[in-house]
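**Student:** Below you'll find the structure I mean.
The values are calculated or read from the model by the stated rules, or taken from the named source; none is laboratory data. Keep in mind that this is a model prediction, so the values were computed, not measured. Don't worry about glycine lacking a Cβ; one is built from the backbone with ideal geometry, like all the others, and counts go over all protein chains shown.
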Amino acid sequence: MAARHFSLLDGPAARNRWYDREHMQERVAIPGFQSARRFAAVGDCPRPYLALYYTDTLGVFQSEPYARAFANQTPWSLENFKRMRGTQRRVGKLTLETGEGEGGALALFVVPQAKLAEPGALPLLTKRAAATTQEEFMVRASVLQTDAHLSTPVTADAVPAPADALVMLEASRPEAARTQARLLAETLGVPAADVYTFQLLWRLG
């Protein structure tokens, strides 16, 4: 099962240029990385950009090539990391990945670690998330279980991610992704305000 690296970055146009012209290409060039996608938030969001990195296995994040790249950031990367605030970085394994293709819109929310610890919570979550792909305009559903050990922050003020879960629902229309994500979040006791919607900017294979 493929692993996913989840990160949210906030910054001005110069930072976007770094991300689009160097950072994604640099990461996808690491052996074991398959592709990357970058999104921009639709509506209010504390972090207006989302990046998803696709790898062959979770072990890629423990490989020598990845460790070397992580420890030897480019000058441009180091310059941008110093200016970043409030980022989130998650590395994890997919418990669910179902649907057809990839959507141009994506809505996501985090399921707290305490909720996941409840008996039967994870199987119920994956079942309900998978069912959303049958709704109008829905394309794909994914549930990522965060590996807290591998989710090392890359900026000074970032808080390490706990062993929670990230739910991502993809659709051909932002409003469809948002609606289904809010409905699913409500069944899990996650506030609708904690659901964020994004539109695809570009994909690097």
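**Student:** Are there any pairs with C-beta distances below 6 angstrom linking a residue in the range 150-162 that is farther than 9 Å from GLN88 by Cβ and in contact (Cβ under 8 Å) with a residue 12 or more places away in the chain to a residue that is in a loop (DSSP other than H, G, I, E, B) and among the polar types (S, T, N, Q), with the two at least 6 apart or on different chains, and if so which?
**Tutor:** Within 6 Å, the pairs are THR155/THR87.
**Student:** Another question, then. Kindly provide the set of residues from the range 175-205 that are touching a Ser or Thr at 6+ places or on another chain (Cβ under 9 Å) and either among the hydroxyl-bearing types (Ser, Thr, Tyr) or in a strand (DSSP E or B) (or both), ordered by number.
**Tutor:** ARG203, LEU204
**Student:** Sticking with this one: Need the failing condition index for SER151 against (1) closer than 27 Å to LEU78 by Cα; (2) more than 16 Å from the chain's Cα centre (by Cα); (3) small (Gly, Ala, Ser), just the number.
**Tutor:** SER151 satisfies all of (1) closer than 27 Å to LEU78 by Cα; (2) more than 16 Å from the chain's Cα centre (by Cα); (3) small (Gly, Ala, Ser) except (2).
**Student:** Now for a different question. Which of the residues spanning the range 167-205 are crowded, with 22+ Cβ neighbours inside 10 Å, of a type outside the set (Phe, Trp, Tyr), under 16 Å from the mean Cα position of the chain (by Cα) and more than 14 Å from PHE137 (Cβ to Cβ)?
**Tutor:** VAL167, MET168, VAL195
**Student:** Restricting the search to the range 111-145, which residues are polar (S, T, N, Q) and in contact (Cβ under 8 Å) with a residue 60 or more places away in the chain?
**Tutor:** SER142
**Student:** Continuing with the same structure: Looking only at residues that are among the polar types (S, T, N, Q) and modelled with pLDDT under 95 in the range 63-87, which one is nearest to VAL195 (Cα to Cα)?
**Tutor:** THR87
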